[in-house]
Each structure stands twice: as C-alpha cells, then as structure tokens.
Amino acid sequence: MRGEMIGSNNSMASLQWLFSGIVGGLVILTLGATLAVHMTPPVIHSSQQQVTTQGKSPANSTANAPASSPTQQTKVSTVPTKQINLSIVATMTMPDGSTMGPTYLPTTSLYVPAHSMVTVTIVNYDIGDTDLPAGSPFANVTNVVGGSAKVDGTSYTQLDITKVAHTFTIPQLNVNVPIPGDSPTGASSLTVTFSFMTGAAGVYDWRCMDPCGSGSSGWGGPMATMGQMEGTLTVVA
Ligand SMILES: [Cu+2]
C-alpha cells in the first residue's frame, strides 16, 4: 500500500517532470527563435567591413578607446587607436629662400600601429580647387570608418570633381578622402577628419591624387616629390 502510494507519487512526479520539461523546452525554443530574429547582424556598409574584421581582437587598449562617437565605439573600441594631425599649405619658404608647395606638413612619414583605427585630422590652408579628371574615383570617400569624412563637422561621402584641392589616398588600402578646396564657412582654412583601419604591418605609399602640382599634367613638382604630396605610411606590428 505504502509502496503503491510511493509508486503513484513517483508516477505523478514523473508526469510533472515530463510536463515541465516540455514547457521548458518550448520556452527555450521560443527564446531561441526570438533571439535569432533580434541577433540578425546589422547591415554593414562595404566601407565598414574592415572595422568588423579588425574588431575581433579583444585584447589591448581600453585606455586607447575613443572617448566619443558611441556608434563607432561599439565596433572599434577594442582596437588600438592613433591620431595623426596634418596640414596642407599652398607654399612654404625654405631656409634658402626658395619656396615649395603645395605640401603636406609637418611630415609625410607616418607611423601607425597594425590592426588599429587611425584618425586623421587635416587642416587645409590651401583654399582653391584643382579639378579631378571627369569620372575620377578619387572624388569619392572610400574605405574609411563609417563610410564618410567630415569637413568642419559636416559629413560627406564624395565631392564634385571641381571642388577638390587635394586628396589623402593610400592606394594599397583603398583609402581615399578628397580634401575640399572651398571652406563651407568661407574661412581661410577648413578641417577634414576621418578614420581608417590598418591591417598587417608593412610600408605603404600614400599620396595626393589631385593634379595639384606643376607642369601641364599637374603631376610634376610637389606631386612627384616625397615629403610634399606623397609620403609613406609605416604600419608597425
Ligand atoms: Cu595635392
């Protein structure tokens, strides 16, 4: 009798276990389906692909994490960052009294960490435009974080080919940012900012692709001179 009661209780308990197991399973399945829907990856613009790629290394640098721009921070806060400040002047007087320019300053020899986010600030004092050839791809902002650059705080993804003064171009990394020759505010300079991701260590050429130099092609003088409109980007492991 007692044994039967116990047995009966066990049967009841087993049924309860079975029932709660089914309910639990359904809850888990429902949660799983809900999460699957909500965890669909966000649409990533082609220019941001490297961000996601680089973002996978969780080591290093909470100290170097960008302090602002929360939308970018969620994706790139785990990678090292590096700030580069450049300016562009129309002419610069050399110690011997000769002039050179236009030129990037203070140096075109840039050093950045591998697998990092490099933020570049360029103050362009060389107001005025040099047309890019019709259909030039260098009128477009390419392969920068977020897909756009900013001029005096306003985002842009391309310029009219007649509104370009210079470009900041790293051909091997497909990074290109056209630098406007017209200040939106009418000021005597304008400030361009953008970020790009580095990959493996190596030495890359970077340069201006707008024919701002001398000669009939515009590709002479500063455009053909290291330290003026071309330089090197050394990515350090
Ligand atoms: Cu140039």
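No lab work stands behind these numbers, since they all come straight from the coordinates. Computed from a predicted model, the values in this text were never measured in an experiment. Glycine gets a Cβ as well: all are built from the backbone with ideal geometry, and neighbour counts include every protein chain shown.
Summary of packing: across the peptides 106-112, 184-190, the per-residue average of other C-beta atoms within 10 Å ranks them, highest first, as 106-112, 184-190.
What base-10 log of the normalised intensity I(q)/I(0) is obtained for segment 126-237 from the Debye formula, alpha carbons as equal point scatterers, at q = 0.17 Å⁻¹? Debye intensities relative to I(0), on a log10 scale: -0.83. Length gained on full extension, A224 to T99, computed as 0.36 nm times the residue gap minus the Cα-Cα distance: 43.4 nm.
From the P(r) of segment 98-192, can you give the percent of Cα pairs sitting at distances over 16 Å?
Details: 2550 of 4465 pairs.
Across segment 98-192, Cα pairs with separations above 16 Å total 57 percent.
The protection proxy used here, the mean number of other Cβ atoms lying within 10 Å of each residue, ranks peptides 93-101, 132-140, 205-213, 117-125 as follows, highest first: 205-213, 117-125, 132-140, 93-101.
If you take the Cα centroid of segment 190-211 and the Cα centroid of segment 142-176, the two points sit 10 Å apart. Report note on the peptides 177-183, 86-92, 214-220, 194-200: ranked by the mean count of other C-beta atoms within 10 Å, highest first, their order is 177-183, 194-200, 86-92, 214-220.
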